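Please treat every number below as a calculation from the coordinates, not as lab data. The shown structure was predicted, so the numbers you read here are calculated from the model rather than taken from an experiment. No Cβ is skipped: glycine too gets one built from the backbone with ideal geometry, and neighbour counts run over all protein chains shown.
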Amino acid sequence: MVATLLRDDPAADVLIVERGDDVGGTWRSNTYPGAACDVPSALYSFSFAPESGWKRAHGTQAEIYAYLRRVAREQGITQRTMFGCALRDAQWDGDRARWVVSTSRGDLTADVLIAATGALSTPTLPKVPGLEMFRGTMFHSAEWNHDHDLTGKRVAVIGTGASAIQFVPSIVDKVEHLTLFQRTASWVMPKRDHGIASSVRSLYRRFPLIQKVVRGAVYSQKEMYVVGMTKPFARKYALPLFEKRARSVLRKQVPDPELRDRLTPDFAITCKRILLSNDWFPAITRRNVDVVSSALTSATENGVVDAAGNEYPVDTIIFGTGFTPSEPPVAQHVRGEHGRSLAEVWNGSPSAHLGISVNGFPNLFLMYGPNTNLGHSSIVYMLESQAAYIADA
Ligand SMILES: Cc1cc2nc3c(=O)[nH]c(=O)nc-3n(C[C@H](O)[C@H](O)[C@H](O)COP(=O)(O)OP(=O)(O)OC[C@H]3O[C@@H](n4cnc5c(N)ncnc54)[C@H](O)[C@@H]3O)c2cc1C
């Protein structure tokens with residue numbers, strides 16, 4: 001995005017370094033069945049590149065990936081990117097007022113370094129004993145093994161977060177048995193997804209202003225959550241209404257009171273990301289699914305073990321265990337004025353001015369930096385605001 005904003009600036013010589021073999025980031029990597037966006041595409045898209053062709057309100061992984069590739073091509077981003085090139089190390093050289101950057105394809109220097117390495121781009125696996133002994137197949141949802149046929153398999157899914165809630169309903173019919181490890185229950189609200197008629201798409205194409213109005217409406221509706229979270233009056237009256245709605249979904253979709261109890265969060269709604277789904281509870285209440293209310297504590301050659309020591313024999317383990325937003329790997333590799341890395345300065349508690357810049361790291365800008373993740377709206381909107389700030393600087 002910064003490269004797009006600086007495209008016509010003759011003073012800006014921008015090179016993008018990408019460890020993958022294509023653009024797309026999140027939407028290139030997360031190809032698991034059912035992968036889709038939680039935010040309507042009218043808002044989960046760049047304001048400078050509206051797309052009238054979305055077939056559903058919420059884009060699927062394939063649609064968003066195709067959109068990102070098209071925009072990157074049209075904006076000349078692909079040509080400015082060195083693919084298959086990982087940033088290894090970056091050190092601020094105060095004498096020359098430059099960043100000295102080491103990559104897997106050689107060294108570079110730069111006046112300005114922008115770390116746009118994504119808060120959710122490095123998958124994390126639980127550190128439990130025995131995983132190295134497991135004889136079946138295991139993979140993380142962000143590195144889905146499409147060559148592994150799940151038909152008739154006994155599968156353990158670890159985690160019940162935003163990814164698991166999407167892929168479990170897509171695989172539950174195929175597998176013989178699914179054991180779901182839930183460490184923390186999440187609040188789940190219905191996903192208001194729907195198809196977009198071709199007449200509406202052509203209206204958007206002919207009158208882009210209409211789509212802009214829809215974008216504004218989606219933004220405003222999402223921001224209502226912020227009012228609910230931050231204003232005491234709204235917190236008192238609006239949040240209980242959200243919670244009531246979520247509880248009524250649970251009541252309707254989970255008839256067994258014991259299971260319903262285990263699937264009910266013990267924290268107020270909005271304290272953690274609200275998950276959106278229409279098929280999660282119907283999927284996990286199926287006969288071939290067991291919900292284990294425990295973290296994974298160890299693995300054996302043939303199965304997985306819960307906190308009470310019960311072993312579940314499985315052929316496949318799928319980790320829906322998320323990413324490393326509070327310990328971004330890039331923080332270990334970027335060293336500022338005094339030779340200390342971001343990770344050392346942060347000491348386990350990342351912070352940055354506006355989530356973008358850090359004292360002692362001149363001319364370094366972070367995108368999707370500390371505390372800029374959202375639980376209620378579009379990260380693309382957030383990233384565009386950060387890109388505008390950085391381009392301005
Ligand atoms: C499964 C999933 C679903 C999501 N759904 C939503 C949603 O519904 N709504 C929402 O708003 N957000 C969602 N997000 C958040 C999503 O990450 C952001 O919306 C957005 O894609 C972030 O873009 P980014 O460019 O900052 O990071 P990314 O898309 O993560 O891109 C970072 C890029 O940096 C590269 N990189 C990382 N380290 C290095 C290195 N050392 N050297 C070179 N390259 C490197 C990576 O390969 C990657 O291509 C979701 C995330 C995931 C994982």
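Computed extension length for Tyr389-Ala295: 29.8 nm, one decimal, from 0.36 nm per residue of separation with the Cα-Cα distance subtracted. With the contact rule set at Cα under 8 Å and sequence spacing of 6 or more, what percent relative contact order holds for segment 197-313? RCO, segment 197-313: 11 percent. Sorting Met382, Met133 from the fewest to the most surrounding beta carbons within 10 angstrom yields Met133, Met382. Each part reduced to its alpha carbon centroid, segment 132-188 and segment 301-372 end up 23 Å apart. Straight-distance candidates among the aspartates and glutamates for linking to Lys174, with alpha-carbon spacing under 16 Å and chain neighbours fewer than 8 residues away dropped: Asp147, Asp149, Asp279, Asp290, Asp315. Using a cut-off of 27 Å between Cα atoms, the listed pairs Lys55/Lys272; Lys153/Lys191; Lys55/Lys212; Lys191/Lys244 include Lys55/Lys272; Lys153/Lys191 as exceeding that distance. Remark: the chain carries a charge dipole of roughly 1600 debye about the Cα centre, counting +1 on each Lys and Arg Cβ and -1 on each Asp and Glu Cβ. In plain terms, the chain from Ala308 to Ala110 could stretch by 65.9 nm, reckoned as 0.36 nm per residue minus the Cα-Cα distance. Approximating the spin labels as points 7 Å out from Cα along Cα→Cβ, the Arg262-to-Met382 distance works out to 3.2 nm. Entry note, the chain: relative contact order of 25 percent, from Cα contacts under 8 Å with a spacing of 6+ residues. In this rough spin-label picture, where each label sits 7 Å from Cα along the Cβ direction, the Ala197-Glu176 distance is 4.8 nm.
What residue among Thr60, Ala295, Ile318 has its Cα farthest toward the positive end of the dipole of the chain, where the charges are +1 on Lys, Arg and -1 on Asp, Glu, each on the Cβ? Result: Thr60, furthest along the dipole toward the positive end.
Where in the chain is the longest stretch that carries no GluC sites (Glu not before Pro) classed as loop by DSSP and with at most 13 other Cβ atoms within 10 Å? With GluC sites (Glu not before Pro) excluded where exposed in loops, the chain gives 1-175 as its longest stretch.
Distance from the alpha carbon centroid of segment 1-52 to that of segment 256-271 works out to 36 angstrom. Got a sec? Charge dipole of the chain, +1 on Cβ for Lys and Arg, -1 for Asp and Glu; which of Phe207, Leu108, Thr31 is way out at the positive end? Selected residue: Phe207. Restriction of the chymotrypsin sites (Phe, Trp or Tyr not before Pro) in segment 7-90 to DSSP coil positions whose beta-carbon has at most 12 other beta-carbons within 10 angstrom yields Phe48. For segment 277-377, trypsin sites (Lys or Arg not before Pro) meeting the loop criterion (DSSP other than H, G, I, E, B) and having at most 16 other Cβ atoms within 10 Å: Arg286, Arg287, Arg340. Remark: the chain projects, on average over all directions, an area of 21.8 nm² (convex hull of Cα atoms). A Förster radius of 45 Å combined with the Cβ-Cβ distance from Tyr219 to Ala97 puts the calculated FRET efficiency at roughly 0.70. Modelled spin-label separation between Thr124 and Asn145, with each label point placed 7 Å from Cα along the Cα-to-Cβ direction: 2.3 nm. Taking a ≥ b ≥ c as the square roots of the eigenvalues of the Cα gyration tensor, segment 336-393 is oblate, since a/c reaches 1.5 or more and a/b is not larger than b/c. Please say if segment 239-393 is rounded, prolate or oblate, where rounded means a/c under 1.5 for a ≥ b ≥ c the square roots of the C-alpha gyration tensor eigenvalues, and otherwise the choice is prolate for a/b larger than b/c and oblate otherwise? Oblate.
From the square roots a ≥ b ≥ c of the eigenvalues of the alpha-carbon gyration tensor of segment 27-166, which class results: rounded (a/c under 1.5), prolate (a/b over b/c), or oblate? Since a/c reaches 1.5 but b/c is at least a/b, the shape of segment 27-166 is classed as oblate.
Among the trypsin sites (Lys or Arg not before Pro) in segment 53-147, those placed in a DSSP loop whose Cβ has at most 14 other Cβ atoms within 10 Å are Lys55, Arg96, Arg105, Lys127, Arg135.
Counting 0.36 nm for each residue step from Lys236 to Arg340 and taking away their Cα separation leaves a gain of 33.0 nm.
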